[in-house]
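Let me begin by presenting the structure, written as structure tokens, before commenting on it.
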Amino acid sequence: MSFSDYASHDGLGLAELVSKGEVKASELAEEAIGRIEKHNPALNAVILKLYDLGRDMAKQPVEGPFKGVPFLLKDAFGDIAGYPTRLASRFRAETPAKEDTVLARRFKASGVTILGKTNVPEFTLLPTTESNLYGAAHNPWNPDHSTGGSSGGAAAAVAAGIVPLAHANDSGGSIRIPASSCGLVGLKPTRARTSLGPDYGDVLSGLCHEHVVTRTVRDCAAMLDCIHGNEPGDPYVAPPVKESFLEQTKRIPGKLRIAFSKTNPAGAKLHPDCVKGVESVAKQLADLGHEVTEAMPPLNPDEPGNLFLPLWAAWLSSEIELETARRGRGPKEDELEPLTRGLWEVGKTVSAAQYLLLVKEAQGLTRRVAGFMQNHDVWLTPTLASPPIPLGLINVNEPDPIAAFAPAVDYVPFTPIQNLTGQPAISLPLCMSESGLPVGMMFSARFGEEAMLFRLAAQLEEAMPWKERHPAIWN
């Protein structure tokens, strides 16, 4: 069966067709496989094809709100038994995982059909998806530009209509950056809303969060309904969920106090397209009846950059030591990209005492932002400081991390803040650049208040719809 309007449906829409018997899960799987084969040569979004697995899954009797919906896992923390997770690194052995992660089990229980794994930068370190092992993922709006990172392969696949939603994770913006770059919805949930079991309690002292990128707000909410919740032994838990997140998308948000910012924490100006975008959204919010004021939390000019580099480098060092123990040897010269090796060298210099001091500083930042959020229900910023950067701007073959990141040092001023504070934040595809590239707008709320974000996001999806806006590479 040919299903030409496959990509016009979101995940819940496809699942409804399956439930009604209007289309089979196996037919949807073939539609997605056909689109992978058609678009992947241009996008390089899918780096491990699991067609046999997906075809077998599509034949199984399965329930769940995403029954029969084609889906892709990220090549990071997306372990399923029998298949490797390499994090785009030659040093990561192609050893199959022994068991599913908690997250993968919950994805399966939602009803999805897993058809592959998506492209990432090495060890998920970059705000772009480029690596020597897998090559660059290309943005379906303009293949010369970045998809964002680190969930860039997932975002490219969803934006191009290959699948309606895909696994993503976020330790410094890796859900929201690709969502912004590719014109998608991307929510980073509250800290500990999803479990990282069984192998991890937390990652980077709570910076890492798991979820998906989607084309609609309701898919984003419905999947969080499927995957949230702690497991026995998790080090801490998120505030309890009182009602389905999907139900929240059907509720009016009421009058909210919304702060918006047009500069980065250092007071530097953002790209004109981003400023124009945040101004237009702020006006729309005021027209919707919200109380809108220009304001920013009391952040220091060098935050959060001074915290993130040593924290991330220390985590990288721990991951390389873990893989060294698994393999019984350290990485060979050609098994790590020069930039990764440079960050590893930085990580090896971070002492335990210094790491704990960085965590303490992050907690101080969290208290200041939380104080600001007592007077504001939502904080609005552009997700990024500019439209998607050109591919190659960050050189993975540059061993000096400072030099490698210098061309894009001001590109990601906002997204790491919510990783440090643990508060939820969502990027919505509300604006476009003058050159026709997506410009996401990010909304963050108080700790534990995803419900508020879903209510507001659904209101904006209706007021400023993006459904009919498609990239050059589509369906």
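Kindly establish whether PHE91 is within 28 Å of GLY13 (Cβ to Cβ) and of a type in the set (Phe, Trp, Tyr). No. Can we say LEU246 is modelled with pLDDT of 95 or more and more than 30 Å from LEU196 (Cβ to Cβ)? Judged against the criteria, LEU246 is not a match. Looking across the stretch 1-42, just one residue is at pLDDT 95 or above, hydrophobic (A, V, I, L, M, F, W, C) and more than 16 Å from PRO164 (Cβ to Cβ), and that is ALA42. Considering ALA58, ALA88, the condition of being over 30 Å from GLU321 (Cα atoms), touching an Asp or Glu at 6+ places or on another chain (Cβ under 9 Å), aliphatic (A, V, I, L, M) and buried (at least 16 other Cβ atoms within 10 Å of the Cβ) is satisfied by ALA58 alone.
Only one of the listed residues (ARG86, ARG92) is assigned to a loop (DSSP other than H, G, I, E, B), modelled with pLDDT of 95 or more and out of contact with any Gly (no Cβ under 8 Å at 6 or more places or on another chain). That residue is ARG86. Against the test of being without any contact (Cβ under 8 Å) to a residue 40 or more places away in the chain, under 25 Å from CYS220 (Cβ atoms) and either among the charged types (D, E, K, R) or not in a helix (DSSP H, G or I) (or both), the options GLU22, GLU30, GLU37 yield a single qualifying residue, GLU22. Without any contact (Cβ under 8 Å) to a residue 60 or more places away in the chain and either surrounded by fewer than 22 Cβ atoms within 10 Å (Cβ to Cβ) or of a type in the set (Gly, Ala, Ser) (or both) - does that describe any residue in the stretch 463-475? Checked against the condition, which is being without any contact (Cβ under 8 Å) to a residue 60 or more places away in the chain and either surrounded by fewer than 22 Cβ atoms within 10 Å (Cβ to Cβ) or of a type in the set (Gly, Ala, Ser) (or both), the stretch 463-475 yields at least one hit. The condition (being at pLDDT below 95 and under 26 Å from ILE175 (Cβ atoms)) is satisfied by just one residue among VAL46, VAL62: VAL62.
Look at the stretch 374-396: where a residue is over 24 Å from ARG341 (Cα atoms) and a partner is surrounded by fewer than 21 Cβ atoms within 10 Å (Cβ to Cβ) and of a type in the set (Asp, Glu), sitting 6+ places away or on another chain with Cβ atoms under 6 Å, you get ALA385/ASP410; PRO387/ASP273.
The rows are residues; the columns are (1) closer than 18 Å to GLY448 by Cα; (2) in contact with a Gly (Cβ under 7 Å, 6 or more places away or on another chain); (3) loosely packed, with under 14 Cβ neighbours inside 10 Å.
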position: LEU204; (1), (2), (3): no, no, no
position: VAL241; (1), (2), (3): yes, no, no
position: LYS250; (1), (2), (3): no, no, yes
position: ASP273; (1), (2), (3): no, no, no
position: LEU299; (1), (2), (3): no, no, no
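Among the residues of the stretch 350-382, those identified as polar (S, T, N, Q), under 16 Å from GLY305 (Cα atoms) and under 24 Å from the mean Cα position of the chain (by Cα) are GLN363, THR366.
Residues that are buried (at least 24 other Cβ atoms within 10 Å of the Cβ), at positive phi and outside any helix (DSSP H, G or I) are absent from the stretch 129-144. Consider the stretch 1-19 and keep the residues that are part of a loop (DSSP other than H, G, I, E, B) and either under 25 Å from THR85 (Cβ atoms) or of a type in the set (Asp, Glu) (or both). The one that is nearest to the chain's Cα centre (by Cα) is ASP10.
The values are calculated or read from the model by the stated rules, or taken from the named source; none is laboratory data. These numbers were taken from a predicted model, which means no experiment stands behind them. Backbone-built Cβ (ideal geometry, glycine too); neighbour counts: all protein chains shown.
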